[in-house]
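What follows is a set of notes on a single structure, which appears directly below.
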Amino acid sequence: MKLAVMQPYLFPYIGYFQLIAAVDTFVVYDDVAFIRGGWINRNRLKVGDAPAYFTVPIEDASSFRVIRETAVQAGQYPRWRKKFFGTIEACYRKAVGYPVIRPMLEAVFPEIETGTIADVARRSLRASCDYCGIGTRFVESSAVYENSGLERSARLIDICKREGADTYINAEGGQELYTKAEFAAHGISLQFLRSVPVPYAQPPAEGFVANLSIIDVMMHNSREQIAQHLQSFQVV
């Protein structure tokens, strides 16, 4: 059984969804510290010929608070939402996926949001997986394991053992943090997923910008094309 663990990112790039699709169980790591300037409450779209960030406003963002306790800034949210959908309209109204993806975005970003960024990001992951045909089982770490006191590697190994996973797959960047020998000592195979960008048309501007939000992928590709993009990775 293959397992992956990642913080809940907001409509992340396709490599994140390749990781979800590559495993049987995906653990949403929502009881670790909120990362300021990371991908938990922001991502990128192509505006004109360059990438541009969209960022959900956060109430008193702090790395001393876990993700599931980090609230959306309710007062700023409506203005941010109006600006966000203005950008979506301007950039994607002629895109092949717009008639379906626009209502999906409206469901993920309702007119009033009083929850946490973990709630919003988790909705973005589930909605995207549903659209892309990814049926991987989701588990929230805060709801199940009660092992936040363990150190980084020990906690991941504990989650694998509880889920009966014999393979743990991490994003490629994890090679700087974890060793295969450390996991092998517990009977777990550690693998790393390396995403391979697949260019696709991003009209109206020329040129391809890789690793944008999955929103851009869903807007400009059919479900069949997305299925092919989801297989564009290497496991090392």
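None of the figures in this text is laboratory data; all of them are computed from the coordinates on show. Not measured: the values here are computed from a predicted model. For neighbour counting, all protein chains shown are included, and Cβ atoms are generated from backbone atoms with ideal geometry for every residue, glycine included.
Rounded to the nearest 20, the Cβ-based charge dipole of the chain about its Cα centre (Lys and Arg +1, Asp and Glu -1) stands at 460 debye.
Pairs of Cα atoms nearer than 8 Å and 6+ residues apart set the relative contact order; for the chain it is 30 percent.
Largest GNM mean-square fluctuation among E176, E111, E59, using the chain with Cα springs under 10 Å: E176.
Legend: ranking of residues R79, R42 from fewest to most surrounding C-beta atoms inside 10 Å; resulting order R79, R42.
Centre-to-centre, using Cα atoms only, the stretch 1-45 and the stretch 149-167 are separated by 17 Å. Arranged from fewest to most other beta-carbon atoms within 10 Å of their beta carbon, E89, E69 become E89, E69. Other residues within the sphere of radius under 11 Å centred on the Cβ of V66, judged by their own Cβ, net out at -1 (K and R +1, D and E -1).
Exposure proxy ranking for V28, V100, based on other Cβ atoms within 10 angstrom of each Cβ and starting from the fewest, stands as V100, V28. Extents of the chain, largest first, come to 53, 39, 27 Å (Cα atoms, principal axes, whole angstrom). Hey, quick one: spin label on Q175, modelled 7 Å out along Cα-Cβ, who in the stretch 197-230 has an amide N within reach, i.e. under 18 Å? From the stretch 197-230, the list is 197. Just checking the listed ones, I169, I215, I112: in the Gaussian network model of the chain with Cα springs under 10 Å, the one fluctuating most is I112.
Both radii are taken from the alpha-carbon atoms of the stretch 74-115; with Rh as the Kirkwood radius, Rg/Rh is 1.01.
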